[in-house]
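Chemist: Dropping the structure in here first, questions after.
The values are calculated or read from the model by the stated rules, or taken from the named source; none is laboratory data. Computed from a predicted structure; not experimentally measured. In this analysis, Cβ positions are derived from the backbone assuming ideal geometry, glycine residues included, and neighbour counts consider all displayed protein chains. Just so you know, the surface numbers come from the protein's heavy atoms only, side chains and all, with ligands and any DNA or RNA stripped out. Shrake-Rupley method; radii C 1.70, N 1.55, O 1.52, S 1.80 Å.
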Amino acid sequence: MPGWYIPGAWQGNELGCTPLFPKISPYCNAGNYSERKFINVWYFDDESKFLKGENTLYEYLEENGNVSHQGLNISAELQKVIEKREAKNSWRPIYGPYSFNATEYMSPETSGYFLVYKHSFLKEREDYFIVYYGIRGMANLTEETPEIKKLIAESYYMANGEGKVDSLKPEDKKGNLFSWIETKYV
């Protein structure tokens, strides 16, 4: 399952989990898309393990870089992916939102976006994915975001119309449920 959100995983475009982040799940994989651009995927089949992993990752991110929330709209990028797939007769319907919140992360080692996919396949299945779309090394995310959005669109999969795509949600230690919301869309 961790290879699901890695385009080309079936062609051997998998690396194993990146050492840039803590081990939050035994099911982890990564894919390279250029010298610097990559995806890292963690899979969980249990909500309590997912929530624990999400919180551990968020705490790590806060300690090792700058974390904020960003709205992403990938409508144009998804349309291009759909057109490309239709031309190859490999089109499949894409359900779910085309605009969603993402967790933006910037550090000297990597910068990019985290997305959480919940119940991507069937609403009855406990499938949770945390996916990082990033650039190795220091990066200007304003300049890199268009390429990262293309990578998100290439890997985007939501077969369940009731599935969710969202940012990381840290455990709130102050009792304020909405303390993490400061979203702007690009």
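Chemist: By the scheme Lys and Arg +1, Asp and Glu -1, what is the net charge of all other residues having a beta-carbon under 15 Å from that of Ser48?
Modeler: Once all neighbours under 15 Å are counted, the net charge is -3.
Chemist: Output wanted: per-residue J couplings in Hz (rounded whole) for the range 33-46, from phi through Karplus 6.51 cos²θ - 1.76 cosθ + 1.60, θ = phi - 60°, x for Gly and Pro.
Modeler: 10, 6, 4, 10, 8, 8, 10, 10, 10, 10, 10, 9, 10, 8
Chemist: Can you compute the modelled spin-label distance between Asp45 and Ala76, with each label point 7 Å from Cα toward Cβ, in nm?
Modeler: 4.1 nm
Chemist: May I ask you to evaluate 6.51 cos²θ - 1.76 cosθ + 1.60, the Karplus curve with θ = phi - 60°, for each residue of the range 21-26 and list the ³J(HN,Hα) values in order in whole Hz, giving x for glycine and proline?
Modeler: Ordered by residue, 3J(HN,Hα) equals 10, x, 7, 10, 8, x Hz.
Chemist: Still on this structure, I have one more. In whole angstrom, how long is each semi-axis of the equivalent ellipsoid of the range 20-85, when you take the square root of 5 times every eigenvalue of its Cα gyration tensor and sort them from largest down?
Modeler: 26, 16, 15
Chemist: Just reorder Leu72, Leu51 by solvent-accessible area, largest first, 1.4 Å probe, all chains present.
Modeler: In descending accessible area the options line up as Leu51, Leu72.
Chemist: In nm, to one decimal, how far is the Glu126 label point from the Lys164 one, both placed 7 Å along Cα→Cβ?
Modeler: So the two model labels end up 1.5 nm from each other.
Chemist: Separate question: Around Val81, what is the net charge, scoring Lys/Arg as +1 and Asp/Glu as -1 over all other residues with Cβ under 9 Å from its Cβ?
Modeler: Local net charge: +1.
Chemist: Taking the alpha carbon gyration tensor of the range 11-167, what are the square roots of 5 times its eigenvalues, largest first, to the nearest whole Å?
Modeler: They are 23, 20, 15 Å, listed from largest to smallest.
Chemist: Let me ask another. How much length would be gained if the chain were fully extended between Glu83 and Tyr27, taking 0.36 nm per residue of separation minus their Cα-Cα distance, in nm to one decimal?
Modeler: Extra length available between Glu83 and Tyr27 comes to 17.0 nm.
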